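In what follows, a structure is listed as structure tokens, so that the remarks can point back to it.
The values are calculated or read from the model by the stated rules, or taken from the named source; none is laboratory data. On a predicted model such as this, the values are computed, not experimentally measured, just so you know. Note: ideal-geometry Cβ built from the backbone for every residue, glycine included; neighbour counts use all protein chains shown.
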Amino acid sequence: MHHAYLFDGPDGVGKELAAFGLAQALVCEVRGLGAQAGDNACGECGACQRAIVRPGDRVPTHPDVVVLERGLYEPAQLGRRTAETQEISVDQVRKLVLEHAAFPPHEGRARVFIVRRAEELSTSAANSLLKTLEEPISRTYFVLVTSTPNLLLSTIRSRTQRVRFAQLGTSVVESLLIDRGIARERAADVASIAGGSIGAAIALAESGAAAAHDQFVQRAHAALKGASMSGALELAEAEKKSKADLGSMLEAFAVSLAAAARKEIASGDFGAAVAAARQVSFVFGAVRAIDANGSPQLALEALFTRMRGTAR
């Protein structure tokens, strides 16, 4: 086992689930014994049961599985007067990590620190963590979870072993939705526009937003193929106040473009596949622009100008 991991990848693909699964394996009371000989957690002992977050809770009850997250704890618990509204503070790192880092695990097997949205570590918090992250005492482990690893300090990234998580396959997302009781036909429709994220798929299925996403994708394709920019300008005008949902709708558009690229590859038209892949990159550029507080209307207008220029 390495002592520090960086789990990075898109939201909703199982990074945190894997982090807690690893924590279970590390603290399991019976792993390696008798019928449980091996590396897997038994999932049933008291340590395994307490190492994961139960419905209705925000943190595990196991004293050696510690979660760091912005705003998770009351200010008084961290010795602060104000809440953590924008970042994981140095106070949280000092209270939850540094005060315990020099001591062995409470229950003996291992201690695991899981940092949710690790990119939200403040600069002072990240710097205070560096020494412990690089050379923790025996049986102490860190798992930093993020969807934007480039926002982490390079010194943090260099001290962790990176594990990349990819988007889930459409069939996997569909199967997981069906397991949650979603009708097969609806699960297939939602999975096709969820961008490989079970988190996004569940939100779409439960909110009824799948139809809106599908309509946006259809209008986006029509705007791309139209004889003029009028369709694109109309779509940009219609979505200028949809900042909260526009990112996920654009991701659904990118998924449909990627599906088209795969069909071109299957047919042997690699030139068309390369062009489609380039357009996918344009779409994600627009998502990043909107995430950086750009104007949704201007981002869409610029997107379709670039995409139509490439298509020609």
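Taken over the stretch 194-213, the criterion of being aliphatic (A, V, I, L, M), over 17 Å from the mean Cα position of the chain (by Cα) and under 18 Å from PHE253 (Cβ atoms) is satisfied by ALA209, ALA210, ALA211, ALA212. Look through the stretch 183-193, keep the residues that are surrounded by 16 or more Cβ atoms within 10 Å (Cβ to Cβ) and assigned to a loop (DSSP other than H, G, I, E, B), and return whichever of them is nearest to the chain's Cα centre (by Cα). Taking the candidates together, the pick is ILE193. Checking each residue in the stretch 47-66 for being loosely packed, with under 14 Cβ neighbours inside 10 Å and closer than 25 Å to ILE137 by Cβ picks out THR61, PRO63.
Can you find a residue in the stretch 160-175 that is more than 20 Å from the chain's Cα centre (by Cα) and within 14 Å of LEU6 (Cβ to Cβ)? No: zero hits. Contact map, the stretch 218-245: residues that are within 21 Å of SER256 (Cβ to Cβ) paired with residues that are aromatic (Phe, Trp, Tyr) and modelled with pLDDT under 90, Cβ distance under 6 Å, separation 6+ or inter-chain. Pairs shown: ALA220/PHE253.
Looking across the stretch 5-20 at every residue that is buried (at least 19 other Cβ atoms within 10 Å of the Cβ) and aliphatic (A, V, I, L, M), the one that is modelled with the lowest pLDDT is identified as VAL13. Consider the stretch 208-245 and keep the residues that are at pLDDT below 85 and among the hydrophobic types (A, V, I, L, M, F, W, C). The one that is surrounded by the most Cβ atoms within 10 Å (Cβ to Cβ) is ALA210. Screening GLN49, GLN92, GLN86 for residues that are among the polar types (S, T, N, Q), touching a Leu at 6+ places or on another chain (Cβ under 7 Å) and either under 25 Å from GLU29 (Cα atoms) or in the same structural domain as GLU29 (by TED's automatic domain parsing) (or both) leaves exactly one candidate, GLN92. Being farther than 16 Å from THR305 by Cβ, small (Gly, Ala, Ser) and in contact with a helix residue (DSSP H, G or I) (Cβ under 6 Å, 6 or more places away or on another chain) holds for only one residue in ALA260, ALA223, ALA236, ALA232, and it is ALA260.
The set of residues from the stretch 177-190 being at pLDDT below 85 and closer than 19 Å to ALA166 by Cα comprises just one member, VAL190.
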